[in-house]
Amino acid sequence: MSISFNIHSLEIPLVRPFRTSFGSQSVRDVVLVEAVSDAGISGWGECVTMAWPGYSAEYTRGAINVMREFLIPTLLPLLGSTPAPGSVRAALAVMQGNPMAKSAIETALLDLWLKERNLSLGEFLGAVRDRVDCGVSVGIPNSIADLITEVGQYVDEGYRRIKLKVEPGWDLDALRAVRAQWPDIPLQVDANQAYRRSDAEHLAKFDEFDLLLIEQPLPEDDLLGHKLISSVVATPICLDESILSVDSAESAVEFGATTIINIKPGRVGGFLNARDIHDLCVEMNIPVWCGGMLETGVGRAANIALAALPGFILPGDTSASSRYYKEDVTQPFVLDNGQLLVPTGPGIGVEPIAANLAEMSTNIEHVEV
Ligand code: NPQ
Ligand code: MG
């Protein structure tokens, strides 16, 4: 008698292609991990990898493999009944790297553990709000005209902050066009590591557009480069890919490489680590915001609970389901006055809709230990 896992591979069409400095995507291939208890209760976690290692070194087939071959077997001694969240994190920490795979498994078991206690993820993490401010991430489009149309749609829908994906050759003209139309809207950019140290003077030209921040301009391992950029650019630098743990967050801040941090549970190995990074940042007076990885409702629900913690003072990439999907795997998250409601049900507070899951599913792998 013990907990078993189903690893669901899904393919969901995106409402429009999402292009970043590392590639373009028109279908989200995503993995949902289901942990099933003896009592037949399911806990859910989302693995936010992409099919290829473009955003970080992890990728979907590798994540599924490491879950099956190493992460789940490592948990075997704990799986007689639903393990406490801290013990899952400690057991998984024996394995290096693979934070997105770890986060998916930890979250599925955490959802189960919370459901057994009738506690919501928000209550467990320490949420202080019942709704969160939402921003939206705008991919690199084909033209300035398309950009203005797309941003206009999001502004009309009520998003409280716009983030433009940028890369060399798609930056100043795009910013100028958006600012000409919307002089006052909260605006930021994300380069996903597309610039180099030698671009410091170029990045300084972003200053005139009154941006909240420039996210991850340089490669993830280049803390010195980010510090050098910060000395030339007035706009705050915010790290995403570089921040992998509590210690790397503290290092980046103390070193002077960043003054704002994007927290993504998948990138940091789960919600416990995400909460700890949040707590550290509150102590250090570093604003944080919740990133996004084109999550389905499963991952989105959990992110919104995280974003309700007190240190999340900037709007997140916690968009409505409709930003990415015509149909979500859960009940859709719908924007209300630029905000989403924090789920209040037990665990992550949402379930996949069986018919949607069946329709989107391309493969199910059962893992029993
Ligand atoms: C970021 N996300 O902040 C990412 C990166 C990103 C919402 O901008 C498929 C799956 C495509 C995950 C493209 C946002 C993706 C993806 C970009 C994540 O850096
Ligand atoms: Mg980013």
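The values are calculated or read from the model by the stated rules, or taken from the named source; none is laboratory data. A quick note: this is a predicted structure, and the numbers were derived from the prediction, not measured. Cβ atoms come from the backbone with ideal geometry, glycine included; neighbour counts cover every protein chain shown. Note: accessible area is taken over every heavy atom of the protein model, side chains too, but ligands, DNA and RNA are not part of it. Shrake-Rupley method; radii C 1.70, N 1.55, O 1.52, S 1.80 Å.
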Qualifying residue in the range 181-199 (condition: farther than 30 Å from Ala252 by Cβ and in contact with a Leu (Cβ under 8 Å, 6 or more places away or on another chain)): no
Filter pass, Gly62 being small (Gly, Ala, Ser), open to solvent by less than 30 Å² (accessible area, probe 1.4 Å) and not in a helix (DSSP H, G or I): no
Which listed residue, of Leu357, Leu341, Leu314, Leu335, is within 17 Å of Glu46 (Cβ to Cβ) and open to solvent by 10 Å² or more (accessible area, probe 1.4 Å): Leu357
Looking only at the range 117-155, and only at residues there that are assigned to a loop (DSSP other than H, G, I, E, B) and of a type in the set (Lys, Arg), the one that is farthest from Ser21 (Cα to Cα): Arg117
The range 279-293, residues that are over 25 Å from Ser321 (Cα atoms) and touching a residue at least 24 places away in the same chain (Cβ under 8 Å): Asp279, Leu280, Cys281, Val282, Met284, Ile286, Pro287
Count of the range 308-328 residues which are in a loop (DSSP other than H, G, I, E, B), among the hydrophobic types (A, V, I, L, M, F, W, C) and under 23 Å from Ile261 (Cβ atoms): 4
Among the residues listed as Ser56, Ser120, the single one being over 30 Å from Asp146 (Cα atoms) and of a type in the set (Ser, Thr, Tyr): Ser120
Counted residues, the range 93-104 - those being surrounded by fewer than 24 Cβ atoms within 10 Å (Cβ to Cβ) and touching a helix residue (DSSP H, G or I) at 6+ places or on another chain (Cβ under 7 Å): 3
Restricting the range 259-276 to residues that are away from ligand 2 (no atom under 15 Å from the Cβ) and not small (Gly, Ala, Ser), the residue that is most open to solvent (accessible area, probe 1.4 Å): Thr259
